[in-house]
Amino acid sequence: MTGGEATGGGVAGGDTDRRAYLTEHLDAVRSRLLDACRAADRDPSGVTLLPVTKFFPASDVAILRDLGCREFGESREQDAAPKVTALREAPGDDVRWHMIGHLQRNKARAVAQWAYAVHSVDSLRLVDALQRGVDRAREDGVRDTDLEVYVQVSLDGDTHRGGVDRGELDAVADAVAQASGLTLAGLMAVPPLESDPDAAFADLAGLHQWLLRSHPSATGLSAGMTGDLEEAVRHGSTCVRVGTAILGPRPVTSP
Ligand SMILES: *Cc1c(COP(=O)(O)O)cnc(C)c1O
């Protein structure tokens with residue numbers, strides 16, 4: 001099957017089971033998030049739950065939209081674009097899409113057409129490509145807002161797994177802040193493999209405090225996934241990106 005066959009959300013047959021599954025798991029994650037906010041003495045309205053729908057069909061996104069979700073995370077342009085199109089045809093075109101996965105420069109132009117935000121910006125060249133993509137999308141009349149950009153930082157300096165080294169964070173953040181059409185939203189990170197998430201997010205929070213001194217409006221902190229959202233909330237996350245706990249195990253593993 002091709003992505004183009006994804007539908008905007010007709011409910012038929014086995015979809016009833018899927019709806020029940022998603023309802024139950026979304027509720028559980030929402031309660032987890034509330035508990036995490038309570039434990040951290042934080043206002044729950046300060047943390048967005050971003051369901052990560054990568055590798056799942058547009059029909060799942062449509063169900064989650066019915067259940068009140070309005071923001072979704074995707075990690076590959078080719079996989080996301082058909083879902084964006086399918087949801088646009090659904091009533092009330094009010095969904096925001098977040099690109100959270102590694103982004104190649106040659107996909108920047110396409111992503112600039114549908115993404116509200118990109119969480120994975122980790123090079124000056126990508127900043128440049130996104131700026132041009134947004135300019136182009138504006139000229140084509142397919143976007144009228146700035147692109148919200150989170151700079152992804154590599155906490156262990158192993159930049160093969162994505163993220164800028166902390167030594168280059170300043171330069172990339174400044175470039176985003178100066179680029180027309182891009183707004184510096186804040187920072188994003190994924191804890192290094194085998195690391196203690198609590199220590200990793202404490203480190204990230206320190207980098208965020210440091211960034212806020214030069215960019216006071218970059219208040220966003222995209223941190224926390226299925227396995228570590230509590231630790232992320234404790235250290236100031238404003239957006240948790242949750243896939244597995246809501247949608248179940250992914251049908252295909254990420255490259
Ligand atoms: C897939 C993905 C997630 C979601 O991970 P889960 O462990 O399934 O919640 C979050 N962030 C990024 C960058 C991802 O690629």
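The values are calculated or read from the model by the stated rules, or taken from the named source; none is laboratory data. It should be emphasised that the depicted structure is a prediction, and the values quoted were computed from it without experimental measurement. Note: ideal-geometry Cβ built from the backbone for every residue, glycine included; neighbour counts use all protein chains shown. Surface accessibility is based on the protein's heavy atoms, side chains included, excluding ligands, DNA and RNA. Shrake-Rupley method; radii C 1.70, N 1.55, O 1.52, S 1.80 Å.
Need one word for the chain: rounded, prolate or oblate. Basis is the Cα gyration tensor (sqrt eigenvalues a ≥ b ≥ c); a/c below 1.5 gives rounded, then a/b vs b/c decides. Taking the square roots of the gyration eigenvalues as a ≥ b ≥ c, the chain is oblate.
Against the empirical 2.2 N^0.38 Å (N residues), the stretch 92-193 has a Cα radius of gyration ratio of 1.03. For the stretch 54-156, the share of accessible area belonging to carbon and sulfur comes to 41 percent (1.4 Å probe, ligands and nucleic acids excluded). In percent, rounded to a whole number, the relative contact order of the chain is 19, using alpha-carbon pairs under 8 Å and six or more apart. When shorter helices are ignored and each DSSP H run of at least 4 residues is given -39500 (n - 2.57), the per-residue value for the chain at 222 nm works out to -13500 deg cm²/dmol. Annotation for the stretch 163-211 versus the stretch 89-105: alpha-carbon center distance of 22 Å. If you take the alpha carbon atoms of the stretch 204-255 and fit the smallest convex hull around them, that volume is 97 Å³ per residue.
Mean separation of Cα pairs under 8 Å and 6 or more residues apart, divided by the residue count, gives the stretch 110-208 a relative contact order of 29 percent.
Under the combined filter of DSSP loop state and at most 12 neighbouring Cβ atoms within 10 Å, the stretch 121-222 retains these GluC sites (Glu not before Pro): 194.
Rolling a 1.4 angstrom probe over the protein heavy atoms with all chains in place gives the chain an accessible area of 46 Å² per residue.
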